[in-house]
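Below is one structure; the comments refer to it alone.
The values are calculated or read from the model by the stated rules, or taken from the named source; none is laboratory data. A quick note: this is a predicted structure, and the numbers were derived from the prediction, not measured. Heads up, the Cβs are rebuilt from the backbone with ideal geometry, glycines too, and the neighbour counts pull from every protein chain shown. Please note that ligands, DNA and RNA were not included when accessible areas were found on the heavy atoms of the full protein model with its side chains. Shrake-Rupley method; radii C 1.70, N 1.55, O 1.52, S 1.80 Å.
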Amino acid sequence: MQRDNTDSEGRGRKNTITAAPNKAETAARTREHRSLWSQIEPLLVQVERPSRYIDGEYGVATPLQQAPSHSSEGSSLQVGLCYPAHYELGQSNQALQLLYDQASRLDDVSVQRIFLPGEDMSRLLRVHQLPLFTLEQCSAVADLDVLGITLPFELSFPSVLEVLDLSGLPLHADKRSADMPLVIVGGPAAYNPEPIAAFVDAVFLGEADGGALTDILTALRDLSDGGVRPSRQQQLEALANIAGVYVPQLYDQGVQQAPITRRVAQDFHCADFTPTCLIVPYTELIHDRLTVEVRRGCTRGCRFCQAGIIYRPVRERDPDRIVAAAVSGIQRTGFDEVSLTSLSTTDYSLIAQVLQRLKRRFAGTAVSVSIPSLRVDNFSIDLARLLADSTAGSAAGGRTGSSKKSGLTFAPEAGTQRLRDVINKGVTEDQLLETVAYAFANGWHRVKLYFMIGLPTETDEDVTAIGTLVQKVLDTARESALPSKRGSVQVNVSVSTFVPKAHTPFQWEQQLLPAETLRRQALLQESIPRKGVKLSWHDAEGSFIEGIIARGGRDAADLIEAAWRCSDGAIAYTDNFDFSYWQAAADSLNLDLETRANCTIDPAASLPWSHLHTGVSTDWLRAQAQAARDEQFTPDCIDSCSNCGVCPELNIAVHLASDAAAEGGERP
């Protein structure tokens, strides 16, 4: 393979590995999926955490275990699912695990995983002119038919470029030949894909685990007839005909028409969601536990929250399936913790029942049950006791309830009731203090609070009110804690910076400039108690760039690519954020970053993502933006429908487990 030092327009670029020579679009699929292991293995002694690059974990879907090939040529669609981060983070991703499992069950489809290597391995791959490889077969990513990439957040977009470059693929989709893999992206950050549209072939909007992944892969698989690879145009047109798939090239040509509407899992509440492939990693993951999704969507309507929009409406799993998945998963993996996940797990209508049942099923073991975060206004006394009891292990050496009472997490978000009404956060100060008092009286000694600065209409008084509220929480905790725990009482405060996101009521609002963010952070620091409180906050410049990308259009692609090139790929690794690269890139393109971020957008203006539809009406978003300015609270849609439009638009309805179980009894 050769080295290429120019980009698609002939400008200088970093060294990269070029793909194999082009083949005719209708050429037979005769590629050999040669393993690179003999060349990769000697490099492992030179890198940190070599277990990142070793396949064969327990539970992995090997080629022999995946669905068989029934094609006349014995070939199959070669699919790679990529999370653009290190293995420890990527393998923790619940969506990746579900999609990997679903793809592995399809006939004539072979699926493998891909992660962004560590910087040390990336350097070695370039030095030895080796391409990025898949985990299962250690084959070149460029040899795949489909490369699916998750977009977890906007600052991961440079990581996508790094994956493409390490794979020897041209960054720009229109420069890739027919024998190169289709690049399809999806995930939370895909709802405004315009900043990355130049680099991808297609974008999936919605919940791929509800049948969409199957539709995409089978459509591409079925295009091949007798081992003949279809043209790229044929592949793109097939994708454009699938609900929820956006093909930028065909949209630009007028072949695909707006709106492209997101797709939801219609059977989420009743589907069998226990993966056949439950992978037990060789190394400790960031989230090293079994995760069971109990609920999708959130009814609370926080106006800054994109997830609350893109996962509407609320659908809850059947409690029997939740318990079965938890028990089966623990038996098959050996994890000692089950995390019941959702945007708001304590809002699950039968959460008390599920915790009671899991408590009985795991009695006498060292298995604990956890919930990622807690709703202040839904943290009842009974639920607090169930959380404590369900984590108590009675077996010798098991985890005790007291050891798991080390911390609780709440998100009041703002320091004043006025601002909480602006953002539609249905939490009062009294509710928070009452909950803290009860929790610390029952053995907890640590609490974590999430706040946000830079919210629309925020004043300095709102910022300093965070410190006042934290002081009240600390005083309440100390007064209520058991005598033996008072000396270890700790309040951890995490403060993020508001970033306006597409498809939210605040998508038209301005964002703080870094200098103003730093001023407000300093103001907050002065108001926070010195003892008993640990304060942390998000990087001001990182949030600034996140906001620019989050509301960017096609021209943001030039900024992302230029920053990646200026850093020689370093910004692809999220620990390496350096604003100077982004500023240098902006200067080279004559872009004024501050003007882009610190502006209020006319609600009547067309937005870069206006052709992409979540199902929630724009009129409703505008009405919620006005309600924020009027400091009006919108009730939970479980209690009162606010006519956001998502249910009729997507032909789906709110589904609560408590309603479905009304005629049935609790099972053991």
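Annotation note: of 662, 657, the sole residue that is surrounded by 18 or more Cβ atoms within 10 Å (Cβ to Cβ), over 30 Å from residue 119 (Cβ atoms) and modelled with pLDDT under 95 is 657.
Filtered by the rule that a residue be open to solvent by less than 60 Å² (accessible area, probe 1.4 Å) and farther than 21 Å from residue 300 by Cβ, region 595-622 gives 597, 599, 601, 603, 605, 607, 608, 609, 611, 612, 613.
Taking only pairs six or more apart or across chains, which ones have beta-carbon atoms under 9 Å, a first residue in region 592-614 that is among the hydroxyl-bearing types (Ser, Thr, Tyr), and a second residue that is open to solvent by 40 Å² or more (accessible area, probe 1.4 Å)? That search, which allows pairs on different chains as well, returns 600/510; 610/258; 610/259; 610/618; 614/649. Quick check, is residue 421 modelled with pLDDT of 95 or more, touching a Phe, Trp or Tyr at 6+ places or on another chain (Cβ under 9 Å) and closer than 27 Å to residue 299 by Cβ? Considered against the rule, which asks whether it is modelled with pLDDT of 95 or more, touching a Phe, Trp or Tyr at 6+ places or on another chain (Cβ under 9 Å) and closer than 27 Å to residue 299 by Cβ, residue 421 comes out as yes. Region 109-221 holds strands (runs of 3 or more DSSP E) entirely within its bounds, and those carrying 1 or more residues that are in contact with a strand residue (DSSP E or B) (Cβ under 8 Å, 6 or more places away or on another chain), open to solvent by 10 Å² or more (accessible area, probe 1.4 Å) and of a type in the set (Ser, Thr, Tyr) map to 109-115, 146-150.
Residue under question is residue 243, and the condition is that it be modelled with pLDDT of 95 or more and either open to solvent by less than 20 Å² (accessible area, probe 1.4 Å) or in contact with a helix residue (DSSP H, G or I) (Cβ under 8 Å, 6 or more places away or on another chain) (or both); does it hold? For residue 243, the condition - modelled with pLDDT of 95 or more and either open to solvent by less than 20 Å² (accessible area, probe 1.4 Å) or in contact with a helix residue (DSSP H, G or I) (Cβ under 8 Å, 6 or more places away or on another chain) (or both) - is met.
For a quick check of your reading of the model, give me the residue pairs whose first member lies in region 94-123 and is within 17 Å of residue 84 (Cα to Cα), whose second is part of a helix (DSSP H, G or I) and basic (Lys, Arg), with beta-carbon atoms closer than 9 Å and at least 6 apart or on different chains. Correct list of pairs: 115/52; 117/52; 118/52; 121/52. Check whether at least one residue in region 507-526 is part of a strand (DSSP E or B), open to solvent by less than 20 Å² (accessible area, probe 1.4 Å) and either out of contact with any Lys or Arg (no Cβ under 8 Å at 6 or more places or on another chain) or of a type in the set (Asp, Glu) (or both), and report yes or no. Checked region 507-526: no residue is part of a strand (DSSP E or B), open to solvent by less than 20 Å² (accessible area, probe 1.4 Å) and either out of contact with any Lys or Arg (no Cβ under 8 Å at 6 or more places or on another chain) or of a type in the set (Asp, Glu) (or both). Under 19 Å from residue 373 (Cβ atoms), in contact (Cβ under 8 Å) with a residue 60 or more places away in the chain and not small (Gly, Ala, Ser), is that true of residue 424? Answer is yes for this residue.
Among the residues of region 623-642, those identified as within 27 Å of the chain's Cα centre (by Cα) and loosely packed, with under 15 Cβ neighbours inside 10 Å are 635, 638.
Among the candidates 463, 495, the residue that is in a helix (DSSP H, G or I) and of a type in the set (A, V, I, L, M) is uniquely 463. Exactly one residue among 552, 542 is closer than 20 Å to residue 591 by Cβ, in contact with a Pro (Cβ under 6 Å, 6 or more places away or on another chain) and open to solvent by less than 20 Å² (accessible area, probe 1.4 Å), and that residue is 552.
Only one residue in 346, 333 is of a type in the set (S, T, N, Q), within 25 Å of the chain's Cα centre (by Cα) and under 27 Å from residue 413 (Cβ atoms), so which one is that? Going through 346, 333 in turn, just one is of a type in the set (S, T, N, Q), within 25 Å of the chain's Cα centre (by Cα) and under 27 Å from residue 413 (Cβ atoms): 346. Looking only at residues in region 353-365 that are in contact with a helix residue (DSSP H, G or I) (Cβ under 9 Å, 6 or more places away or on another chain) and in a loop (DSSP other than H, G, I, E, B), the one that is modelled with the highest pLDDT is 362. Under the condition of being of a type in the set (A, V, I, L, M, F, W, C) and in a strand (DSSP E or B), the residues counted in region 222-236 number 1. Under the condition of being part of a helix (DSSP H, G or I) and among the charged types (D, E, K, R), the residues counted in region 601-639 number 3.
Test residue 289 against the stated conditions and say whether it is at pLDDT below 90, among the charged types (D, E, K, R) and over 30 Å from residue 501 (Cβ atoms). Here the answer is no, as residue 289 does not meet what is asked. If you go through region 78-102 and keep only what is of a type outside the set (S, T, N, Q), closer than 14 Å to residue 210 by Cα and touching a Ser or Thr at 6+ places or on another chain (Cβ under 8 Å), you end up with 95, 96, 101. In the set 393, 415, only one residue is at pLDDT 90 or above, open to solvent by less than 40 Å² (accessible area, probe 1.4 Å) and either in a loop (DSSP other than H, G, I, E, B) or of a type in the set (Asp, Glu) (or both); that residue is 415.
Summed over region 244-273, residues that are within 20 Å of the chain's Cα centre (by Cα) and not basic (Lys, Arg) total 8. Screening residue 105 against (1) at pLDDT 95 or above; (2) surrounded by fewer than 19 Cβ atoms within 10 Å (Cβ to Cβ); (3) basic (Lys, Arg) leaves a single unmet condition, (1). Considering region 299-352, and only residues there that are open to solvent by less than 20 Å² (accessible area, probe 1.4 Å), part of a loop (DSSP other than H, G, I, E, B) and among the basic types (Lys, Arg), the residue that is nearest to residue 244 (Cα to Cα) turns out to be 312.
Annotation note: Cβ proximity below 9 Å between a residue of region 35-57 that is on the phi > 0 side of the Ramachandran plot and a residue that is among the small types (Gly, Ala, Ser) (sequence gap 6+ or interchain) occurs for 49/118. Looking at (1) touching a Gly at 6+ places or on another chain (Cβ under 6 Å); (2) closer than 25 Å to residue 551 by Cβ, can you tell me which one residue 277 breaks? Going through the list (1) touching a Gly at 6+ places or on another chain (Cβ under 6 Å); (2) closer than 25 Å to residue 551 by Cβ, residue 277 breaks only (2).
Here residue 439 clears all of (1) at pLDDT 95 or above; (2) closer than 22 Å to residue 347 by Cα; (3) open to solvent by less than 30 Å² (accessible area, probe 1.4 Å) except the condition numbered (1).
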